[in-house]
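Student: One structure, as structure tokens, below. Some questions next.
The values are calculated or read from the model by the stated rules, or taken from the named source; none is laboratory data. Just so it is clear, the model here is predicted, and its values are computed rather than measured. Cβ sites come from the backbone with ideal geometry, for glycine too, and all protein chains shown count toward neighbours. Only protein heavy atoms, including side chains, enter the accessible area calculation; ligands, DNA and RNA are left aside. Shrake-Rupley method; radii C 1.70, N 1.55, O 1.52, S 1.80 Å.
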Amino acid sequence: MLSYPKNTYIIVFLLFTAQLLTASNLDSLSSLLQIEQKKSGSNQEKVLDLMTQISQIHFEQEEFEKALSVLDLAIPKAKKIKDLEVYQTLMADKAQVYLSTDRYLLAIETLIESIEHLKQIKDGNLAKAYTRIAGVYQKIGNHDLAYEYHMAGLEIYEEEKDSVNIGRSLYNIGSIFFYQDNCEIAIEYYQKTLDICKATKSERHIFSCLTALGGAYSRLHQTDKSLDYNLRAYELGKRLGLTSRLSYAVINLGANYAAKGDTIKALEFYEEAQALNEETNDFWGQCATLRLIGDILIQKGQFKKGYDYLMEVQKIAQQKGYRTRIKELHSSLARYYEKIGDYKQSIEHLEQYVSMKDSLANEASLQKMSDSKTRYEILQKEKELALKDAKFIIQQRTFLLLGICILSICLWLLVKQNRLKAKNNKVLAQKNIQIKKQNEELATAYALQKETNEKIKEQNRQLEQSNIELKRFAFIASHDLKEPLRTIGSYANLLQRRYKNKIDDNANEFLDYITDSAKRLYTLLNDVLDYSKLNVSKKERELTDANEAIQIANENLKTKIAKKNAHISIGELPKLTADKLHLVQLFQNLIDNSIKYSESQRPTVEIASTENNGFYQFSIKDNGIGIDPELQPKIFEMFKRLHTRDKFDGNGIGLAICKKIVQEYGGDIWVESAEGKGSTFYFTFPVPEKEMGVAA
Ligand code: ADP
């Protein structure tokens, strides 16, 4: 008795239970459906739902005909109650049933009906329906229709920006070109798909693209390039744990080694691919691997074994209606018969291969596809242009907006500037009024000033005139008066001398008065004459040593100095640019006063000089009677005296002469004194320009 492992019993039990459950589920659904249908006001939606479920269970149990009969009942109902979603599901299910039973034309019919319906209601599933029908056409070898439907789907996917489905469509279109041996164009489409897949980071799809590219390059006999893609695909497929599609990469690798002449390695890969295909029930793939194994065996001379493989392919391809695979098989069979020397059969298969190839890729079909491709490309270009136009319009709008903004800012600035200008103008106008007023005032002031200046000028002129006249008068008066005065004095003197004893004492005394007065008047006239003659002509200025001037003054005063027993000390004195006579007179007057206004037994006079701010400052210090500070300013005025002639002789002109000399040279004169404490007279004199230069 056979004994099975424990697990086998469990699995069998579970399968049995599942089947029972499904069956009971199907029965209960069927009875529910019957109850619902018998009701007078039956709920059609519920009926449809039950029918859908029943048909799906039949499909899963591969009871395709039963599924089909339920679907045929359900579809008109869905259409009637306008349950579009259910209708589309049922139609898709029906097409799937036809596909599963290899009834491609019926599948296509169903799908076309579904598409028409979707078009009418403008449903979003239209693109998917296009792709589905394109897949069917592709399988049965109607490449141009497959291409058209893929294109139609692609257009919708692109509008929806559905990258994944765009990639799928491009891949499928590439495959159409591939199976038509138009591998260059196929590579273009596969490459585009690969780029999209990389962008969407879909590794499964990257694997498919690498495989497809490997296959296409292999067909173009670019083995190294093909091998590179195939190895990448193989590694990625293994990493991702793929089984269903990994076989294609493996087939390609086998083809690569076959091309390189390594049939052993090629066979290994083909057998690995075949195992994968069997595992995944991929009959399309099996057709490829079995044929390729058969080819190699035939090549190696194992004709019988090889032929068996080819016959296996024929069986599957005919059963499934894989015309493309049958076409490929004819090529292999032609090679087989050639090898065994049956040339008649070989040619027959070759003819069939060529005719099928032509029917699959006849010129008209290729033209149609090419047209469609061009249409698609034009459409793409138009879309690009439209996009560019839109961008251009946006750009234009942006520029327009920017322009408006700039214009607005400019306008605003202009308005602001104008306002500012207006404000400034107002301020300016006010300022102008003010300036005008000020100008008027200035003009008035100027006129007044001018008038005043004129007056001053006139006064100066008059003053100058009167000065000149005064000088002239003083000169004439003093000069002309001196002569009669001298006569009066001389004759009074003569009278005294001659008639001294003949006249009485009174008369003598009167004569004394006359001579004395005449003498004084003479001195006064001399002094006035000196004063009036003071003329500081620039011509007579020369560098004069102050010490020298003082020596002359002392010489002139030597009698008085001796008489009063005065002592005069003189410090280091500078040279001055002046008329020497003026300096002599200046020092003489001051030294004379210092001796005269002293009651000391030993009058002393100290003369010194310092330099300050471009001026020499001279000091003449005495130990005399001093001067009351209140009266000090007056003593420099003409004829101003502080004492009577009884006490101190004089006419009050000496200091006035000193002041006039100093001022004529640009200097100043003043006194510092207190009564009984002696006096110090100061005067300043400019430092000669030459010396200033030296000092500098
Ligand atoms: P005069 O000496 O002829 O009177 P001055 O013009 O020289 O005239 O002097 C004016 C007056 O200034 C003098 O009358 C005198 O009172 C006073 N004075 C001038 N020098 C001195 C001095 N060194 N000390 C005191 N008084 C002076």
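Student: Taking into account only those residues within region 606-658 that are within 22 Å of Leu525 (Cβ to Cβ) and basic (Lys, Arg), which is nearest to the chain's Cα centre (by Cα)?
Tutor: Filtering first and then ranking leaves Lys640.
Student: Hey, another quick one. With Ala255, Ala288, Ala266, Ala275 as the choices, which residue is free of Cβ contacts under 8 Å to residues at least 12 places away in the same chain and over 57 Å from the mean Cα position of the chain (by Cα)?
Tutor: Working: Ala255 fails: free of Cβ contacts under 8 Å to residues at least 12 places away in the same chain; Ala288 fails: free of Cβ contacts under 8 Å to residues at least 12 places away in the same chain; Ala266 fails: free of Cβ contacts under 8 Å to residues at least 12 places away in the same chain.
Criteria check complete, one pass: Ala275.
Student: Being under 18 Å from Ile591 (Cβ atoms), more than 8 Å from the ligand (Cβ to nearest atom) and open to solvent by less than 30 Å² (accessible area, probe 1.4 Å) narrows it down to one residue among Val687, Val662; which is it? Give the steps one after another, and end with the answer.
Tutor: Details: Val687 fails: under 18 Å from Ile591 (Cβ atoms).
None of the others qualify; the one that does is Val662.
Student: Scan region 192-246 residue by residue and report those that are open to solvent by 80 Å² or more (accessible area, probe 1.4 Å) and on the phi > 0 side of the Ramachandran plot.
Tutor: Lys201, His221
Student: Let me ask something else. Identify all residues within region 665-684 that are open to solvent by 40 Å² or more (accessible area, probe 1.4 Å), within 12 Å of the ligand (Cβ to nearest atom) and more than 20 Å from Lys640 (Cβ to Cβ); write none if there are none.
Tutor: Gly676, Lys677 - these are the residues of region 665-684 that are open to solvent by 40 Å² or more (accessible area, probe 1.4 Å), within 12 Å of the ligand (Cβ to nearest atom) and more than 20 Å from Lys640 (Cβ to Cβ).
Results for (1) at pLDDT below 95; (2) open to solvent by less than 90 Å² (accessible area, probe 1.4 Å); (3) farther than 15 Å from Leu655 by Cα, shown as yes or no for each residue.
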{"site": "Gly571", "(1), (2), (3)": "yes, yes, yes"}
{"site": "His582", "(1), (2), (3)": "yes, yes, no"}
{"site": "Ile595", "(1), (2), (3)": "no, yes, no"}
{"site": "Arg602", "(1), (2), (3)": "no, no, yes"}
{"site": "Ile607", "(1), (2), (3)": "no, yes, yes"}
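Student: What are the residues in region 332-361 that are polar (S, T, N, Q) and either farther than 24 Å from Ile176 by Cα or buried (at least 18 other Cβ atoms within 10 Å of the Cβ) (or both), if any? Before the answer, list the steps.
Tutor: Applying the first criterion (polar (S, T, N, Q)) to region 332-361 yields 332, 345-346, 352, 355, 359.
Passing the criteria: Ser332, Gln345, Ser346.
Student: Out of all the residues in region 174-181, is one or more at pLDDT 90 or above and crowded, with 17+ Cβ neighbours inside 10 Å?
Tutor: Looking only at region 174-181, we keep the residues that are at pLDDT 90 or above, and these are 174.
If we keep only those that are crowded, with 17+ Cβ neighbours inside 10 Å as well, we get 174.
Yes, region 174-181 contains at least one residue that is at pLDDT 90 or above and crowded, with 17+ Cβ neighbours inside 10 Å.
Student: Now, a different point. Give Gln588, Gln601 a once-over and let me know the one that is of a type outside the set (Asp, Glu), more than 8 Å from the ligand (Cβ to nearest atom) and within 24 Å of Leu529 (Cα to Cα). It would help to see each step written out before you state the result.
Tutor: On the way: Gln601 fails: within 24 Å of Leu529 (Cα to Cα).
None of the other options fit; the residue is Gln588.
Student: Still on this structure, I have one more. So for region 547-568 (the condition being outside any helix (DSSP H, G or I) and touching a residue at least 40 places away in the same chain (Cβ under 8 Å)), does at least one residue qualify?
Tutor: Of region 547-568, the ones outside any helix (DSSP H, G or I) are 565-568.
Retained after the next criterion (residues that are touching a residue at least 40 places away in the same chain (Cβ under 8 Å)): none.
No, region 547-568 contains no residue that is outside any helix (DSSP H, G or I) and touching a residue at least 40 places away in the same chain (Cβ under 8 Å).
Student: When region 132-161 is examined, which residues are found to be buried (at least 24 other Cβ atoms within 10 Å of the Cβ), within 17 Å of Ala95 (Cβ to Cβ) and either at pLDDT below 85 or hydroxyl-bearing (Ser, Thr, Tyr) (or both)?
Tutor: Tyr149
Student: Which numbered condition trips up Asn593, out of (1) polar (S, T, N, Q); (2) within 14 Å of the ligand (Cβ to nearest atom); (3) more than 23 Å from Val671 (Cα to Cα)?
Tutor: So Asn593 meets the others, but not (3).
Student: Go over the candidates Lys315, Lys320, Lys327 one by one and state the one that is touching a Lys or Arg at 6+ places or on another chain (Cβ under 8 Å) and within 26 Å of His143 (Cα to Cα). Talk me through it step by step, then tell me what you get.
Tutor: On the way: Lys315 fails: touching a Lys or Arg at 6+ places or on another chain (Cβ under 8 Å); Lys320 fails: touching a Lys or Arg at 6+ places or on another chain (Cβ under 8 Å).
Result: Lys327 is the single residue among Lys315, Lys320, Lys327 that is touching a Lys or Arg at 6+ places or on another chain (Cβ under 8 Å) and within 26 Å of His143 (Cα to Cα).
Student: Which of the residues that make up region 625-644 are out of contact with any strand residue (DSSP E or B) (no Cβ under 6 Å at 6 or more places or on another chain), closer than 22 Å to Lys564 by Cβ and near the ligand (Cβ under 8 Å from one of its atoms)? Walk me through it before giving the result.
Tutor: Taking region 625-644 first, the residues out of contact with any strand residue (DSSP E or B) (no Cβ under 6 Å at 6 or more places or on another chain) are 625, 628-631, 633-644.
Within this subset, residues satisfying the condition of being closer than 22 Å to Lys564 by Cβ are 625, 635, 641-644.
Matches in region 625-644: Ile625, Ile635, Arg641, Leu642, His643.
Student: Only residues that are open to solvent by less than 60 Å² (accessible area, probe 1.4 Å), free of Cβ contacts under 8 Å to residues at least 24 places away in the same chain and either among the hydrophobic types (A, V, I, L, M, F, W, C) or touching a Leu at 6+ places or on another chain (Cβ under 6 Å) (or both): list them for region 37-73, please.
Tutor: Leu50, Val70
Student: For residues that are more than 9 Å from the ligand (Cβ to nearest atom) and not in a loop (DSSP other than H, G, I, E, B), tally how many sit in region 612-624. Please lay out each step first, then the result.
Tutor: So in region 612-624, the residues more than 9 Å from the ligand (Cβ to nearest atom) come out as 612-619, 621, 623.
With not in a loop (DSSP other than H, G, I, E, B) added as a condition, the list becomes 612, 615-619, 621.
Of the residues in that region, 7 qualify.
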